[in-house]
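To start, the structure itself, in C-alpha coordinates.
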(Lines give C-alpha, C1' and ligand atoms only; values in the text may rest on other atoms or scores of the structure.)
Protein backbone atom coordinates (compact mmCIF):
# COMPACT_ATOMS: atom_id res chain seq x y z
CA UNK A 1 0.00 0.00 0.00
CA UNK A 2 1.37 3.36 -1.03
CA UNK A 3 1.90 5.84 1.82
CA UNK A 4 1.04 9.45 1.05
CA UNK A 5 3.30 12.37 1.90
CA UNK A 6 1.20 13.47 4.87
CA UNK A 7 1.43 10.04 6.49
CA UNK A 8 5.19 10.01 5.89
CA UNK A 9 5.54 13.35 7.62
CA UNK A 10 3.45 12.18 10.60
CA UNK A 11 5.59 9.05 10.92
CA UNK A 12 8.77 11.15 10.73
CA UNK A 13 7.57 13.45 13.52
CA UNK A 14 6.52 10.46 15.63
CA UNK A 15 10.03 8.99 15.29
CA UNK A 16 11.62 12.32 16.22
CA UNK A 17 9.46 12.71 19.32
CA UNK A 18 10.23 9.12 20.32
CA UNK A 19 13.94 9.79 19.87
CA UNK A 20 13.74 12.77 22.23
CA UNK A 21 12.04 10.65 24.89
CA UNK A 22 14.44 7.69 24.62
CA UNK A 23 17.64 9.72 24.30
CA UNK A 24 16.65 11.97 27.22
CA UNK A 25 16.18 8.94 29.46
CA UNK A 26 18.93 6.63 28.18
CA UNK A 27 21.48 9.12 26.90
CA UNK A 28 22.65 9.42 23.30
CA UNK A 29 25.35 6.74 23.54
CA UNK A 30 23.14 4.17 25.28
CA UNK A 31 19.95 4.69 23.28
CA UNK A 32 19.47 2.30 20.37
CA UNK A 33 17.60 2.67 17.10
CA UNK A 34 15.54 -0.41 18.03
CA UNK A 35 14.38 1.24 21.28
CA UNK A 36 13.44 4.40 19.43
CA UNK A 37 11.56 2.42 16.76
CA UNK A 38 9.63 0.57 19.48
CA UNK A 39 8.74 3.85 21.22
CA UNK A 40 7.57 5.29 17.88
CA UNK A 41 5.63 2.10 17.08
CA UNK A 42 7.38 1.54 13.75
CA UNK A 43 9.33 -1.43 12.43
CA UNK A 44 13.05 -1.78 13.04
CA UNK A 45 13.71 -1.44 9.30
CA UNK A 46 11.27 1.44 8.85
CA UNK A 47 13.16 3.82 11.12
CA UNK A 48 16.26 3.52 8.91
CA UNK A 49 14.22 4.63 5.89
CA UNK A 50 13.69 7.96 7.63
CA UNK A 51 16.90 8.32 9.63
CA UNK A 52 19.89 6.12 8.72
CA UNK A 53 21.83 7.00 11.91
CA UNK A 54 21.25 8.22 15.47
CA UNK A 55 23.09 11.43 14.57
CA UNK A 56 20.55 12.10 11.82
CA UNK A 57 17.80 11.62 14.41
CA UNK A 58 19.45 13.90 16.95
CA UNK A 59 19.99 16.77 14.55
CA UNK A 60 16.79 16.03 12.65
CA UNK A 61 14.90 17.15 15.74
CA UNK A 62 16.85 20.44 15.69
CA UNK A 63 15.61 21.03 12.14
CA UNK A 64 12.09 20.14 13.24
CA UNK A 65 12.27 22.76 16.00
CA UNK A 66 13.29 25.45 13.51
CA UNK A 67 10.41 24.47 11.24
CA UNK A 68 8.05 24.83 14.20
CA UNK A 69 9.54 28.23 15.08
CA UNK A 70 9.03 29.43 11.52
CA UNK A 71 5.42 28.25 11.53
CA UNK A 72 4.74 29.88 14.92
CA UNK A 73 6.00 33.23 13.62
CA UNK A 74 3.98 32.88 10.42
CA UNK A 75 0.87 32.26 12.52
CA UNK A 76 1.24 35.65 14.25
CA UNK A 77 -1.08 37.64 12.01
CA UNK A 78 0.49 41.05 12.69
CA UNK A 79 4.10 39.89 12.98
CA UNK A 80 5.01 42.11 10.02
CA UNK A 81 3.94 45.13 12.07
CA UNK A 82 6.45 44.39 14.85
CA UNK A 83 9.62 46.45 14.99
CA UNK A 84 12.79 44.66 13.90
CA UNK A 85 13.86 44.44 17.55
CA UNK A 86 10.52 42.86 18.51
CA UNK A 87 10.71 40.41 15.59
CA UNK A 88 14.22 39.25 16.41
CA UNK A 89 13.35 38.95 20.10
CA UNK A 90 10.21 36.97 19.24
CA UNK A 91 12.35 34.64 17.13
CA UNK A 92 14.69 33.90 20.04
CA UNK A 93 11.92 33.59 22.64
CA UNK A 94 9.85 31.28 20.41
CA UNK A 95 12.92 29.09 19.92
CA UNK A 96 13.30 28.79 23.71
CA UNK A 97 9.60 28.11 24.15
CA UNK A 98 9.58 25.25 21.65
CA UNK A 99 12.78 23.76 23.07
CA UNK A 100 11.44 23.87 26.64
CA UNK A 101 9.82 20.38 26.70
CA UNK A 102 13.05 18.92 25.25
CA UNK A 103 15.50 20.99 27.31
CA UNK A 104 17.44 17.96 28.58
CA UNK A 105 17.65 16.62 25.04
CA UNK A 106 19.06 19.96 23.86
CA UNK A 107 21.74 19.66 26.54
CA UNK A 108 22.93 16.47 24.87
CA UNK A 109 22.87 18.14 21.46
CA UNK A 110 25.17 20.86 22.81
CA UNK A 111 27.52 18.38 24.47
CA UNK A 112 27.87 16.34 21.29
CA UNK A 113 28.18 19.38 19.02
CA UNK A 114 30.86 21.10 21.07
CA UNK A 115 32.56 17.80 21.92
CA UNK A 116 33.13 17.20 18.20
CA UNK A 117 32.61 20.64 16.61
CA UNK A 118 33.33 19.66 13.00
CA UNK A 119 30.83 16.81 13.11
CA UNK A 120 28.24 18.83 15.03
CA UNK A 121 28.44 21.89 12.81
CA UNK A 122 28.12 19.73 9.69
CA UNK A 123 24.95 18.08 11.00
CA UNK A 124 23.55 21.46 12.11
CA UNK A 125 23.95 22.99 8.65
CA UNK A 126 20.27 22.64 7.71
CA UNK A 127 19.14 23.93 11.12
CA UNK A 128 21.42 26.93 10.66
CA UNK A 129 20.07 27.52 7.14
CA UNK A 130 16.47 27.57 8.40
CA UNK A 131 17.32 29.92 11.26
CA UNK A 132 19.38 32.36 9.20
CA UNK A 133 16.71 32.38 6.47
CA UNK A 134 14.30 33.83 9.04
CA UNK A 135 16.83 36.44 10.13
CA UNK A 136 17.52 37.40 6.50
CA UNK A 137 13.80 37.85 5.88
CA UNK A 138 13.36 40.02 9.00
CA UNK A 139 16.35 42.25 8.17
CA UNK A 140 15.49 42.56 4.47
CA UNK A 141 11.92 43.58 5.28
CA UNK A 142 13.13 46.21 7.78
CA UNK A 143 15.62 47.67 5.29
CA UNK A 144 13.04 47.71 2.48
CA UNK A 145 10.60 49.55 4.74
CA UNK A 146 13.23 52.11 5.76
CA UNK A 147 13.17 51.01 9.40
CA UNK A 148 16.86 50.13 9.16
CA UNK A 149 19.57 51.73 7.03
CA UNK A 150 21.35 49.57 4.46
CA UNK A 151 23.72 47.32 6.38
CA UNK A 152 27.37 47.00 5.32
CA UNK A 153 28.51 43.37 5.35
CA UNK A 154 24.84 42.45 5.37
CA UNK A 155 25.54 38.80 4.58
CA UNK A 156 27.44 38.40 7.87
CA UNK A 157 24.61 39.58 10.13
CA UNK A 158 22.45 36.39 10.01
CA UNK A 159 25.48 34.27 10.88
CA UNK A 160 26.37 36.57 13.77
CA UNK A 161 22.79 36.37 15.03
CA UNK A 162 22.96 32.57 14.78
CA UNK A 163 26.00 32.64 17.07
CA UNK A 164 24.17 35.01 19.42
CA UNK A 165 21.10 32.74 19.55
CA UNK A 166 23.26 29.71 20.35
CA UNK A 167 24.90 31.71 23.12
CA UNK A 168 21.45 32.43 24.55
CA UNK A 169 20.53 28.74 24.37
CA UNK A 170 23.76 27.78 26.15
CA UNK A 171 23.06 30.36 28.88
CA UNK A 172 19.47 29.15 29.22
CA UNK A 173 20.60 25.55 29.69
CA UNK A 174 22.65 26.67 32.72
CA UNK A 175 20.04 29.07 34.08
CA UNK A 176 18.56 27.87 37.38
CA UNK A 177 16.68 31.07 38.21
CA UNK A 178 12.93 30.88 38.76
CA UNK A 179 11.09 30.93 35.45
CA UNK A 180 14.46 31.49 33.73
CA UNK A 181 14.27 35.12 34.79
CA UNK A 182 17.99 35.65 34.23
CA UNK A 183 17.74 34.50 30.63
CA UNK A 184 14.82 36.86 30.07
CA UNK A 185 16.89 39.79 31.37
CA UNK A 186 19.86 38.85 29.19
CA UNK A 187 17.63 38.71 26.11
CA UNK A 188 15.91 42.04 26.89
CA UNK A 189 19.16 43.91 27.46
CA UNK A 190 21.12 42.35 24.62
CA UNK A 191 18.29 42.97 22.16
CA UNK A 192 18.38 46.67 22.95
CA UNK A 193 22.09 46.67 22.14
CA UNK A 194 21.55 44.67 18.94
CA UNK A 195 18.83 47.07 17.79
CA UNK A 196 21.12 50.06 18.42
CA UNK A 197 23.95 48.38 16.52
CA UNK A 198 21.66 47.73 13.54
CA UNK A 199 20.38 51.31 13.55
CA UNK A 200 23.90 52.72 13.44
CA UNK A 201 25.42 50.08 11.14
CA UNK A 202 28.07 49.57 13.81
CA UNK A 203 28.98 46.04 12.67
CA UNK A 204 29.94 47.33 9.25
CA UNK A 205 31.94 50.19 10.74
CA UNK A 206 33.84 47.86 13.06
CA UNK A 207 34.60 45.45 10.24
CA UNK A 208 35.75 48.34 8.06
CA UNK A 209 38.09 49.42 10.88
CA UNK A 210 39.45 45.89 11.33
CA UNK A 211 39.95 45.58 7.59
CA UNK A 212 41.77 48.93 7.44
CA UNK A 213 44.04 48.06 10.38
CA UNK A 214 44.78 44.64 8.94
CA UNK A 215 45.63 46.01 5.50
CA UNK A 216 47.74 48.80 7.00
CA UNK A 217 49.54 46.34 9.27
CA UNK A 218 50.30 43.97 6.39
CA UNK A 219 51.45 46.80 4.12
CA UNK A 220 53.73 48.22 6.84
CA UNK A 221 55.37 44.85 7.43
CA UNK A 222 55.65 44.27 3.71
CA UNK A 223 57.58 47.52 3.36
CA UNK A 224 59.86 46.57 6.27
CA UNK A 225 60.58 43.16 4.76
CA UNK A 226 61.21 44.77 1.40
CA UNK A 227 63.69 47.26 2.89
CA UNK A 228 65.49 44.47 4.77
CA UNK A 229 65.82 42.41 1.62
CA UNK A 230 67.45 45.40 -0.06
CA UNK A 231 70.02 45.93 2.76
CA UNK A 232 72.61 43.11 2.67
CA UNK A 233 75.06 45.20 4.77
CA UNK A 234 72.83 44.55 7.79
CA UNK A 235 73.62 40.88 7.50
CA UNK A 236 77.36 41.55 7.29
CA UNK A 237 77.29 43.55 10.54
CA UNK A 238 75.83 40.77 12.65
CA UNK A 239 77.96 39.69 15.59
CA UNK A 240 79.38 36.22 15.80
CA UNK A 241 77.20 33.57 17.35
CA UNK A 242 77.34 33.43 21.17
CA UNK A 243 80.04 36.10 21.47
CA UNK A 244 77.91 38.83 22.98
CA UNK A 245 77.52 42.34 21.59
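Structure data summary
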read-out	value
Boolean, residue 118 is modelled with pLDDT of 95 or more and either out of contact with any helix residue (DSSP H, G or I) (no Cβ under 6 Å at 6 or more places or on another chain) or within 29 Å of residue 198 (Cα to Cα) (or both)	no
Any pair with Cβ under 8 angstrom, 6 or more apart, that starts in the range 134-151 at a residue that is without any contact (Cβ under 8 Å) to a residue 40 or more places away in the chain and in the same structural domain as residue 75 (by TED's automatic domain parsing) and ends at one that is surrounded by fewer than 16 Cβ atoms within 10 Å (Cβ to Cβ) and outside any helix (DSSP H, G or I)	143/149; 143/150
Counted residues, the range 56-78 - those being touching a residue at least 12 places away in the same chain (Cβ under 8 Å) and either surrounded by 16 or more Cβ atoms within 10 Å (Cβ to Cβ) or under 14 Å from residue 130 (Cα atoms) (or both)	16
Candidates 16, 88 - the one that is at pLDDT 95 or above, touching a helix residue (DSSP H, G or I) at 6+ places or on another chain (Cβ under 9 Å), buried (at least 17 other Cβ atoms within 10 Å of the Cβ) and within 30 Å of residue 140 (Cα to Cα)	88
Filter result (touching a helix residue (DSSP H, G or I) at 6+ places or on another chain (Cβ under 6 Å) and either surrounded by fewer than 18 Cβ atoms within 10 Å (Cβ to Cβ) or farther than 29 Å from residue 169 by Cα (or both)) within the range 27-36	34, 35
Residue check for residue 195: in the same structural domain as residue 101 (by TED's automatic domain parsing) and loosely packed, with under 15 Cβ neighbours inside 10 Å	no
Wholly within the range 48-157, helices (runs of 4 or more DSSP H) carrying at least 3 residues that are touching a strand residue (DSSP E or B) at 6+ places or on another chain (Cβ under 8 Å)	none
Filtered residue count, the range 158-185, keeping only those that are more than 17 Å from the chain's Cα centre (by Cα), surrounded by fewer than 16 Cβ atoms within 10 Å (Cβ to Cβ) and part of a helix (DSSP H, G or I)	7
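The values are calculated or read from the model by the stated rules, or taken from the named source; none is laboratory data. These numbers come from a predicted model, not from an experiment. Glycine also receives a Cβ, built like all others from the backbone with ideal geometry; neighbour counts cover every protein chain displayed.
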